[in-house]
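Laboratory data are not the source of any read-out in this text; all were calculated from the coordinates shown. Remember, predicted model here, so these are calculated numbers, not experimental data. Note: ideal-geometry Cβ built from the backbone for every residue, glycine included; neighbour counts use all protein chains shown.
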Amino acid sequence: MKRLLLVLLLVTAACAPVPSSAPDITVGSVGAPVPGDAAEVSAPPSSGAAVPACDATASLRPDGALPTPGAMPTGSTMERIAARGRLIAGVDQNTYLMGFRNPGTGAIEGFDVDMAREIAKALFGDPNRIQFKVLTSEQRIPALEQGEVDVVVRTMTINCERAQKVAFSSVYYQAGQRVLASRGSGITGPDSLGGRKVCATKGSSSLANVANIAAKPVVVSVANWTDCLVMLQQGQVDAVSTDDTILAGLAAQDPYTEMVGPQFTQEPYGMGIPKANEDFVRFVNGVLERIRDDGTWSTIHQRWLGVLDRNATPPAAKYRD
Amino acid sequence: MTAVVTAPTSQRVTGLVKSTPGRLSLIALLLVAVTLLAGVLTGWGVQTRSAALEELATRSEPLSFAAQEVYRAMADADATASAAFLSGGVESPELRSRYEADIAKAAAALSTATGEISRSPEVGAALSTLSGRLPVYTGLVETARTHNRQGNPVGAAYLREASSLMRAQLLPAAQDLYRAETANVVRDQDSAGGGPWTELLLGVVALAALGLAQRYVTRRTNRVFNIGLLVATGLVLVSLLWVSVASVVVASTVHDSRKNGSTQVDVLARARIATLTARGDETLTLVARGSGAAYEKRYGEVVKDLGDLLTRAGSLSTEPEVHSAVDSATKNFQAWQEAHQRIRQADDSGDYTTALAAAIGADQGGAAAAFDNLDRDLVTAITHARTAFTGSVATARGALTGTVAVVALLALGAATASVMGVWQRLKEYR
């Protein structure tokens, strides 16, 4: 009897459940790294609905012939800049082809940068008498309002909302917004962006345009256009949408991306100038007149934006007086 | 049958306690118990102290140094990567190998810290962030490098992403790790360097017990001295003195290890980290090319801290080597500040090339040279302060060598002597 009990006890002991799960390896968050200022935009930025319609691209007419370099009219903004010894230009260093830092030399180059150098050349007779101040899209208008820069040449679209705060030169380039996506992503243009994540920089007109697309994409904002390419390459956004000039620069750095769809907006670029400096607006327009006519514009365009259009002609200037 | 036995036994016990020989036997038993118990507890106290010292020398301090190294190496890697980018073109072999050495060091220090994770589970989250994110960071830096070599400006964006990962996740985790490991050093110092109060109390109790026994024996037997009990008292006294002296030596050397070692190492390590942060901000201000006001602002804050830390390190320093290293660090710090003024002046007046040359140029008197010299001085100071620390801890451990064995032997001896002393008297009742 005792022996039987013992056997029973042993059998039950052998069958008793013993926890035997193999321990798993736990991992913390595996989220991909993101550019510093990246954020999803929930509310579209002010779309300028409250701004009355205007003819923003009409600028101020040049004041006769350009003064000789080094001999600026007394009391003018140009004389003040000449006295300083250099032009302070707000540019970009992150937009390939337009305004970017050449990784090989560390120099800032591009279409916009060459345009700014033309202004310095007209002021001083030397295109190198120029100090670059790098600005993000968002910093452009504050920098002009606070007088930190003489001029902003940074893929800046002329529109009525901005024209209330700063003055613009005549149009020096006519761009249009398009969409950049990975090859084979199935994205064919703005209409196929519904529910997809689309990247644009904070404070740019492109961001407002993306937010206003009827198909309702999810807008992701970053500080610089190259941050958008990083996020596209890391699979964190599905597309980038902005002006074809900027997209061409991004596509040139990644053969697995392509521009798709039509231009769905018109983006006339102007040079931003502090609102009070009307004499300088007229001066800059005079410089633009000259480079349109003497072929300088075409040479610069050919050098940087030849990929977009080999035989582009400069947009005609429009003046309000 | 059992009932018959019980009554006489209890009577016998009462009789035993009432009779002098019975009392003497009981006293002998009590003395054995008291001396042995005091010995065991004292030995255990000494053992705890010695274990805390061993922990301090072999784990806490090396781990806190490893944590500091993780932070420093990663901060340096980030500053170096930015400087390499700033120099334009293909980065110099010096900067590249410095970056590689930093990453290797960070990984090695991290694996040291991770090896001891079971000891401080509170740093688990920080360690998993560090070991999970460091490879991601290096991946981003390599991507940036590849793009730079192909002339794609997107490389700069990858570098910014890497840097923001470093500053937002990796460095804060390293900071948590360093705080936890430094707290462990302080904890072990506290537990090794406390006063020997329990040991003193136990010794006094044992001495009192022996004294009372001596008095009883003297009264009952009319003999003034009992050799056995005297010997036992002597042995307990020796044990008490030994433990007290050893503990006082330990407490004072642990105090030295704080004063000449860990406190200074902590201030110096924080100064070194501030140096790296400031250098990173100086570089990033130039990378931002005119829109780096936020970096310059933080540079100002960090440099102010750095100045305070150097002043503190100077007033704390006790060793002449540390003192002269901190003096030299202060001079290099001033040279760096002057170079920084020149950089800002040149950059703010539009002379970017001059600013760049002053910031990353190899000439003496430039910011790069002053920064390197400052960092080297701090390393020298840290090394000396660490040596002082390990020296003190080694002295403390030496003071306790064999103490447990001595305490045990003396306790055994005291117990035996008490029994023999009482036995001498007991024999006279036979």
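Under the criterion of Cα pairs below 8 Å and six or more residues apart, the relative contact order for chain B equals 25 percent. Size check on the range B:23-423: the Cα extents along the three principal axes, sorted descending, read 105, 39, 30 Å.
Pick from A:S59, A:S76, A:S298 the residue whose mean-square fluctuation is largest in a GNM of chain A, springs joining Cα atoms under 10 Å. Looking only at A:S59, A:S76, A:S298, the biggest GNM fluctuation is shown by A:S76.
Relative to the Cα centre, what is the charge dipole magnitude of the protein assembly as shown, using +1 at the beta carbon of each Lys and Arg, -1 at the beta carbon of each Asp and Glu, and rounding to the nearest 20 debye?
Working: 69 positive and 71 negative charges, 871 e Å.
Magnitude of the dipole: close to 4180 debye.
Spacing of the modelled spin labels on B:T146 and B:V248, each 7 Å from Cα toward Cβ, amounts to 6.9 nm. Sorted ascending by nearby beta carbons within 10 Å, beginning with the fewest, A:K197, A:K318 become A:K318, A:K197. Centre-to-centre separation between the Cα atoms of the range B:103-181 and those of the range B:237-272: 35 Å. Report, in whole Å, the centroid distance computed from the Cα atoms of the range A:83-109 and the range B:182-223. Result: 80 Å between the Cα centres.
Normalised by the empirical 2.2 N^0.38 Å for globular proteins, what value does the Cα Rg of the protein assembly as shown take?
Details: Rg = 40.2 Å, N = 751, 2.2 N^0.38 = 27.2 Å.
My calculation over the Cα atoms of the protein assembly as shown gives 1.48.
Fewest neighbouring Cβ atoms within 10 Å first, the residues B:W423, A:W297 line up as B:W423, A:W297.
Can you give me the relative contact order of chain A as a percent, contacts being Cα pairs under 8 Å and 6 or more apart?
Values: 586 pairs, mean separation 81.3, N = 321.
For chain A, the relative contact order is 25 percent.
Put the Cα centre of the range A:187-217 next to the Cα centre of the range B:276-352 and the gap is 44 Å.
For A:F124, A:F100, the sequence from fewest to most other C-beta atoms within 10 Å is A:F124, A:F100.
Roughly how many debye, to the nearest 20, is the charge dipole of the range B:23-423 about its Cα centre, given +1 on each Lys and Arg Cβ, -1 on each Asp and Glu Cβ, and no other charges?
Details: 35 positive and 38 negative charges, 381 e Å.
Using only the charged Cβ atoms, the result is roughly 1840 debye.
If the elastic network links every pair of Cα atoms under 10 Å, which of B:V419, B:V302, B:V326 fluctuates the most in the Gaussian network model of chain B? Among B:V419, B:V302, B:V326, the largest GNM mean-square fluctuation belongs to B:V419. Pairs spanning more than 24 Å between alpha-carbon atoms, out of A:K133/A:K202; A:K197/B:K297; A:K216/A:K275; A:K275/A:K318; A:K275/B:K297; A:K133/A:K275: A:K197/B:K297; A:K216/A:K275; A:K275/B:K297.
Taking every alpha-carbon pair under 8 Å whose residues sit at least 6 apart, the range B:196-346 reaches a relative contact order of 18 percent. Helices meeting the span-like rule in chain B (full DSSP H runs, Cα extent of at least 27 Å along the helix axis, mean Kyte-Doolittle score of -1.0 or higher): B:20-55, B:61-86, B:93-115, B:124-149, B:171-193, B:197-221, B:227-256, B:263-288, B:293-316, B:367-400, B:403-427.
Taking each residue as 0.36 nm, the span from B:M420 to B:W197 lengthens on full extension beyond its C-alpha to C-alpha distance by 77.3 nm.
Have a look at the DSSP beta bridges in the range A:177-260 and tell me what percent are antiparallel, nearest 5.
Within the range A:177-260, antiparallel bridges account for around 55 percent of the total.
What aspartates and glutamates does B:K259 reach when the alpha-carbon gap must be under 17 Å and sequence neighbours fewer than 8 apart in one chain are set aside? List returned: B:E61, B:D188, B:D190, B:E319, B:E321.
Over chain A, what is the percentage of antiparallel beta bridges among all DSSP beta bridges, to the nearest 5?
Details: 24 of 39 bridges.
Among the beta bridges of chain A, antiparallel pairing accounts for roughly 60 percent.
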